[in-house]
1. Once you place label points 7 Å from the Cα toward the Cβ at Asp4 and Thr138, how far apart are they in nm?
2. Fully extended, how many nm does the chain gain between Thr33 and Ala17 (0.36 nm per residue separation, minus their Cα-Cα distance)?
3. Report the Rg/Rh value for the stretch 55-120, based on alpha-carbon coordinates and the Kirkwood definition of Rh.
Amino acid sequence: MAKDGTNRGGRRVRAGAKPDPLNEKLAKGLPATRPEHQLATPFDFDGSDIGEGAVLAGEVMPEPSEYLSAVQRDGKPLGADIVYRETWRWLDKRGCTRFVSKRLIEAYAQAFARYVQCEQAISKFELLGKHPTTGAATACRKRLWLPLPIKTTMQAVTYKQYVLKL
């Protein structure tokens, strides 16, 4: 036992003599086994285990919530309802509408619409940064790579707050 109270001795993993190959064991006449591969067993390609077949029927699209098409302060609609409808149609073509909840699609549509809104703000107002001493929004002279849209959203919100103070 070490001074700090931990056991550091004992058998090490994969220590000792390595096992003999299968062909050497068989040549010596020793009993040997080989692990079976799971995919080696034949698969039922006839589809006899599903009966009449899978029932893949899409659900009727519920109307998107009102907040997805709410008018923003600049007078333009958010546009998340369009993303919601496109996503629902895409899922419906693949028969997956009953596996995804309405709220999940709404959350995705709103996040994507906000992402597009932030990208448009960056294109229009340039990339924003925070002034080190005053904390006010300032335009960055260099184009920086931002890996996450969350940072872009935070910059757009900072800019919006800065403009509203003026």
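A short reminder: the numbers here are calculations on the coordinates, not readings from a lab. Note that the coordinates shown come from a computational prediction; the quantities given were computed from them, not determined experimentally. Note that we place each Cβ from the backbone using ideal geometry, even for glycine, and neighbour counts take in every protein chain shown.
1. 4.5 nm
2. 3.9 nm
3. Details: Rg = 12.9 Å, Rh = 12.4 Å.
A ratio of 1.04.
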